[in-house]
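No lab work stands behind these numbers, since they all come straight from the coordinates. Since we're looking at a predicted model, the values are computed, not measured. Cβ placement follows ideal geometry from the backbone for every residue including glycine, while neighbour counts extend to all protein chains displayed.
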């Protein structure tokens, strides 16, 4: 068995349980306390006790979470935000007026919405969307004329599950200019989590998480985390965090910390269940298209399967693992001769165990229609989603029950 270890010699699963969750320094409580406070008593004018002044700037519970996620990602600094979208906004501030953000052509609708309708609309950086999974980054960077400040990658992407070779993109970015002039490589690692993929080790500068999803894992909190290793970059992001004020509350930090303790266990089960569901979908004649990075053979073989097998590996076993997200398009027809979008809607409304809801990454299975739900903001753009595309977040329930639910809903659709 291979395990991903750091300088302390502990394997990933041990760190997931222990990082940021050390017993309380004052009482020895095994479950650290939630510091539900807005301010702190000071020992004198301008003499805050242990540096704590005001909870927007510092909170011990938040610091534990930031330390824990940084540890699991193999980074030096974690910076937590009130949501993944707030983390996105903070990173975007690194690209100012006159610059460009190069973005993969399949991203979360909220990311597109912020970059297009807030950041760019406010006179900041322009955006360009390219197929980073298809190698277009090389041509674009070659003609960027020094304007590109951020290269923004989702892998696997949302909702098409495209896979981007992080190491290859990192090499191109680093060869495009000096350390001061080249763009920063941002990788949204939400779909994989550090249990399966660690972008900093593959050359990324910034790792982004909507911790609402797999890090928290229980659909009970909203939170975002950014991880970096560069001290100066961390200082800039912490300044933005404090100045924007979009910080998470201590209870939300506690909930994500609790979720981290079972992250490697959950990701193993998510991946195993999703692999079975993807194989079922791939076998069905009434399914026109399936996207899952673990499908290596047949008519639904994923074009990035080999890359995914190389960069997505379970941190504890070392074996390839591809997460719990699947997208598919049903074929037209079915019992009532419906169109593909009609069948997709009927499927989403016909599952029993897969709850029709936005979001993903919780222990329970979810289903959604991105074009009408999470990705409405990309409609009428070059990133518009097929109205028949279904996105599954495969949970940790019994795989046989999930397979029956999928088959039954497709049969009725």
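Values as computed for the structure displayed
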| read-out | value |
| --- | --- |
| Computed lengthening from residue 331 to residue 381, 0.36 nm per intervening residue step minus Cα-Cα distance | 15.6 nm |
| Region 334-413 and region 165-224: distance between their alpha carbon centers, rounded to Å | 27 Å |
| The chain: most fluctuating residue of 93, 311, 241 per GNM, C-alpha cutoff 10 Å | 93 |
| Helix axis angle, 250-260 relative to the chain longest principal axis, alpha carbon, degrees | 60 degrees |
| Rounded to 5, percent antiparallel among DSSP beta bridges of the chain | 60 percent |
| Rounded tilt (10° steps) of 60-73 against the dominant C-alpha axis of the chain | 50 degrees |
| Computed Kirkwood radius, in angstrom, where 1/r is averaged over Cα pairs of region 263-412 | 15.6 Å |
| Fewest-first sequence of 222, 164 by Cβ atoms within 10 Å of each Cβ | 222, 164 |
| Enclosed volume per residue, in Å³, of the convex hull spanned by Cα atoms of region 12-260 | 126 Å³ |
| Label point distance in nm, residue 272-residue 363, each placed 7 Å from Cα along Cα→Cβ | 1.6 nm |
| Backbone N under 11 Å from the residue 147 label point (7 Å along Cα→Cβ), restricted to region 119-133 | 125-128 |
| Value at 222 nm in deg cm²/dmol, rounded to 500, when DSSP H runs of n ≥ 4 in the chain each add -39,500 (n - 2.57) | -9500 deg cm²/dmol |
| Unit Cα scatterers, Debye sum, region 235-326: log10 I(q)/I(0) for q = 0.17 Å⁻¹ | -0.81 |
| 15 Å cut-off, amide nitrogen to a point 7 angstrom out along residue 284 Cα→Cβ, residues in region 387-413 | 388-394, 400-413 |
| Estimated FRET transfer efficiency when R0 is 25 angstrom, pair residue 400-residue 265 (beta carbons, to 0.05) | 0.80 |
| Region 263-412: relative contact order as a whole-number percent, Cα under 8 Å and 6+ apart | 25 percent |
| Distance in nm between pseudo-label sites at residue 319 and residue 27 (7 Å out along the Cβ direction from Cα) | 4.2 nm |
| Added length on full extension, which subtracts the Cα-Cα distance from 0.36 nm per residue, residue 339 to residue 131 | 72.0 nm |
| Förster radius 35 Å - calculated FRET efficiency between residue 306 and residue 349, Cβ distance, rounded to 0.05 | 0.45 |
| By average C-beta atoms within 10 angstrom, highest first, the peptides 354-366, 192-204 | 192-204, 354-366 |
| DSSP-defined beta bridges in region 263-412 - what % are antiparallel, rounded to 5 | 85 percent |
| Sequence of 322, 328 once ranked by neighbouring C-beta atoms within 10 Å, starting from the fewest | 328, 322 |
| Ranked list, fewest to most other Cβ atoms within 10 Å of each Cβ, for 114, 214 | 114, 214 |
| Folded to 0 to 90 degrees: helix 340-350 orientation relative to the chain principal axis, Cα | 70 degrees |
| Cα-based shape type of region 158-252, given that a ≥ b ≥ c are square roots of the gyration tensor eigenvalues and the cut on a/c is 1.5 | oblate |
| Cβ crowding within 10 Å averaged over residues, with 31-41, 127-137 ranked highest first | 127-137, 31-41 |
| Cα→Cβ-extended label distance, 7 Å offset, between residue 201 and residue 171, nm | 1.9 nm |
